[in-house]
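Before any comments, here is the structure.
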Amino acid sequence: NTDNMDNTDNMDNNTPPCLNFLFKGWTLDTPTKFIGVMACVVLLGIVVELIAALRSGGTIQRWARSCCRCCSSPTSNNRRCAARRANGRADGRRRSKCARAKRRLWIQSVVVTTHVVQAFVGYVLMLAAMSYSVELLISVLGGLG
């Protein structure tokens, strides 16, 4: 029967059709599920805005640089830095080309990873906004605003 292709089997029971969020198995058939997805969408919007703020201010690059730099303070309690000072590597000598290349690779990988995460979450938010649900659209705008 081709008349049943428009998913009208829910209408026979006088129940409204349910929204599938991102996957078929994620059916929003109860108010609790719907409110939970709305909260998740708001949180995803906040995450996207946080990543965008961190990336635009250069915070991600500064964090990545600080993670692969040995501290120069002689009173630091960091074990890695203490071991490098004991081996004479924290005395201000220039890094080798290999160490600089590893550092550059680390910084670029952190920047690229944050960009990929931001783009992926942005696409998930776009799918939520395009679900023809006013509530989810308002949740997306609330998270991004």
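The values are calculated or read from the model by the stated rules, or taken from the named source; none is laboratory data. On a predicted model such as this, the values are computed, not experimentally measured, just so you know. Cβ atoms come from the backbone with ideal geometry, glycine included; neighbour counts cover every protein chain shown. All accessible areas refer to the heavy atoms of the entire protein, side chains included, with ligands and DNA or RNA removed. Shrake-Rupley method; radii C 1.70, N 1.55, O 1.52, S 1.80 Å.
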- Query: Of all residues in the stretch 118-131, how many are more than 17 Å from the chain's Cα centre (by Cα) and touching a residue at least 60 places away in the same chain (Cβ under 8 Å)?
  - Reply: 1
- Message: Residues to consider are ALA90, ALA64, ALA101; find the one that is open to solvent by less than 80 Å² (accessible area, probe 1.4 Å), in a helix (DSSP H, G or I), at pLDDT below 75 and over 30 Å from LEU22 (Cα atoms).
- Response: ALA64
- Task: Could you tell me whether LEU54 is at pLDDT 85 or above and surrounded by 17 or more Cβ atoms within 10 Å (Cβ to Cβ)?
- Result: no
- Per-region count, the stretch 133-144, residues touching a residue at least 12 places away in the same chain (Cβ under 8 Å) and either open to solvent by less than 80 Å² (accessible area, probe 1.4 Å) or not in a helix (DSSP H, G or I) (or both): 7
